[in-house]
Amino acid sequence: MRTRTRFTLSLLVVLPSLCASHGGLAEPLVRERLCRRAELDFGLSLPLELGGPVIERARASLELSDEDVAPSIDWAEAQRRQDAIDRAAMQGSDPRAR
């Protein structure tokens, strides 16, 4: 077996489990790219009738820009919104209704 083929087969086994076990620790962009590549490899290993939808979803995700895959989050704004929701809940109103 060629080394590249053996390496690719190893990735098919390792990447999905690596993504599942440690993906949550990675930056969102890295996790998304790593997991979608593993998903694509998995889909390609299946017969087309089974792997087709998996391949289509993974390729569509991999074609997205970095910002679309893992948009930047303004944590201060997120906290402000959460605080407003918490205050409203304590007062019995819904700030989203405004």
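Mind counting the residues in segment 57-67 that are charged (D, E, K, R) and under 17 Å from L40 (Cβ atoms)?
The total comes to 3.
Given the residues R31, R57, R36, R81, which is the only one that is assigned to a helix (DSSP H, G or I), modelled with pLDDT of 85 or more and under 20 Å from the mean Cα position of the chain (by Cα)?
Sole residue among the options that is assigned to a helix (DSSP H, G or I), modelled with pLDDT of 85 or more and under 20 Å from the mean Cα position of the chain (by Cα): R57.
The values are calculated or read from the model by the stated rules, or taken from the named source; none is laboratory data. For clarity, every value in this text was computed on a predicted model and none was experimentally measured. Cβ sites come from the backbone with ideal geometry, for glycine too, and all protein chains shown count toward neighbours.
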